[in-house]
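Enquirer: Shown below is the structure under consideration.
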Amino acid sequence: MVAKNTICLWYDKDAEEAANFYARTFPDSAVSAVHRAPTDFPGGSAGQVLTVEFTVLGVSCLGLNGGPVFKHSEAFSFQIATDDQAETDRYWDAIVGNGGAESACGWCKDKWGLSWQITPRVLTEAMLALMPRHGIAVLPIVKDEVTPEMVAATLQHHDVRLAHLFRKNDPDSDSDWATATLRRFVTDFRLGVEETPEHE
């Protein structure tokens, strides 16, 4: 049965290779069908792979070999929530080690240019808890043109914000779950602690 919603991903000519890589790398992933040209056609020949049906972590996808006209960009990415450091490293190393490239803030690209966000679940939860209280400025923002005045103002702003976020006794305060979680992430997540503090 055809899925109600399917992500269509455009590849130059390597949709089958990409789909097989995703199926090997991620659980609940598989290649379900490979469709080939029945006869020769303008720009191609009989037997050439046209589309590939596959799933990535249960998400239905269609790989389309459409040629070099369109390229992948950061406008679309798969966001993968990981539960511990071993899972984070496994996916990251698989993607980057297979001809991919590292990016900033937990992003990387596979060898076909598709972007992936390999994000620890506990970090995402902590950031989402902090944002309503401290605003979007808790997230790193990169600007193309940076002046000395902007740098000085940003550093001063961050010093004040960090002093508030990590003020004394916060990690032990039952009423300050968000800050405690973010601070504990630095050590707890890398030590394999999967639970976060309870909160209401």
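Enquirer: Of the residues that make up region 1-14, is at least one outside the structural domain of residue 126 (by TED's automatic domain parsing), of a type in the set (Lys, Arg) and under 22 Å from the mean Cα position of the chain (by Cα)?
Expert: no
Enquirer: Can I ask one more? Give region 32-58 a look and list any residue that's among the hydrophobic types (A, V, I, L, M, F, W, C) and over 22 Å from residue 70 (Cβ atoms), or say none.
Expert: We begin by selecting, within region 32-58, every residue among the hydrophobic types (A, V, I, L, M, F, W, C); these are 33-34, 37, 41, 46, 49-50, 52, 54, 56-57.
Within region 32-58, 33, 46, 57 qualify.
Enquirer: Additional query: If the Cβ limit is 9 Å and pairs must be 6+ apart or interchain, which residue in region 6-35 that is part of a loop (DSSP other than H, G, I, E, B) pairs with which residue that is acidic (Asp, Glu)?
Expert: Close Cβ pairs (under 9 Å, with a partner that is acidic (Asp, Glu)) amount to 6/53.
Enquirer: If you don't mind, another one. With respect to residue 58, determine if the residue is of a type in the set (Gly, Ala, Ser) and closer than 22 Å to residue 87 by Cα.
Expert: Values: of a type in the set (Gly, Ala, Ser): yes; closer than 22 Å to residue 87 by Cα: yes.
Criteria met by residue 58.
The values are calculated or read from the model by the stated rules, or taken from the named source; none is laboratory data. All of these numbers come straight from a predicted model, not from anything done at the bench. Cβ sites come from the backbone with ideal geometry, for glycine too, and all protein chains shown count toward neighbours.
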